[in-house]
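Here is the structure we will look at, set down as structure tokens.
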Amino acid sequence: MAGFYHYSSQWFPCTLQDLSIEGAGLKIHQIFVPGDVIRLKFGLHYDQRVIEATVVHIHGTRVGVSFSVDDVTQEFLKAVIQAEQRPPTFRR
């Protein structure tokens with residue numbers, strides 16, 4: 001899923017992989033270290049939100065982050081995950 005991360009007062013594109021309620025894997029081209037707190041912006045085309053994430057591990061250009069979310073954000077994440085798992089619909 002395409003998204004953005006906030007760094008140095010700017011938003012930069014990233015790819016979110018393995019999205020779950022607890023966290024995600026990010027494919028980015030920025031150096032972070034475990035413990036860094038970053039903001040991510042992603043979601044559905046009609047509902048984009050900013051979620052705070054903590055970097056938990058680094059492997060090359062892949063960064064693993066964890067989320068600490070409230071109930072409202074948890075419902076948002078469930079909706080995004082469900083939408084991403086749905087097969088695309090085709091019109092004839």
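The values are calculated or read from the model by the stated rules, or taken from the named source; none is laboratory data. These numbers were taken from a predicted model, which means no experiment stands behind them. Note: ideal-geometry Cβ built from the backbone for every residue, glycine included; neighbour counts use all protein chains shown.
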Practice task
Considering only residues that are among the hydrophobic types (A, V, I, L, M, F, W, C) and more than 10 Å from the chain's Cα centre (by Cα), look in segment 22-34 and name the one that is surrounded by the fewest Cβ atoms within 10 Å (Cβ to Cβ).
Solution key: VAL33
Practice task
Go through the residues of segment 24-38 one by one and say whether even a single one is under 17 Å from MET1 (Cα atoms), touching a residue at least 12 places away in the same chain (Cβ under 8 Å) and of a type in the set (Phe, Trp, Tyr).
Solution key: no
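Which is acidic (Asp, Glu) and in a strand (DSSP E or B), of GLU52, GLU84, GLU75?
Details: GLU84 fails: in a strand (DSSP E or B); GLU75 fails: in a strand (DSSP E or B).
After ruling out the rest, the residue left standing is GLU52.
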Exercise for the section: From VAL37, VAL72, VAL63, grab the single residue that is surrounded by 13 or more Cβ atoms within 10 Å (Cβ to Cβ) and at pLDDT 90 or above. Expected result: VAL63
Problem - Residues (within 14 Å of the chain's Cα centre (by Cα), over 20 Å from ALA83 (Cβ atoms) and of a type in the set (Asp, Glu)) located in segment 35-59 - result: GLU52
Handout entry: Among the candidates HIS6, HIS45, residue that is surrounded by fewer than 14 Cβ atoms within 10 Å (Cβ to Cβ) and not aromatic (Phe, Trp, Tyr)
Key = HIS45
Handout entry: PRO13 loosely packed, with under 14 Cβ neighbours inside 10 Å and in a strand (DSSP E or B)
Key = yes
Practice task
Please work out if PHE67 is in contact (Cβ under 8 Å) with a residue 40 or more places away in the chain and of a type in the set (Phe, Trp, Tyr).
Solution key: yes
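Considering segment 16-39 alone, what residues qualify as being within 19 Å of PHE76 (Cα to Cα) and part of a strand (DSSP E or B)?
Across segment 16-39, the qualifying residues are LEU16, GLN17, GLY23, ALA24, GLY25, LEU26, ILE38, ARG39.
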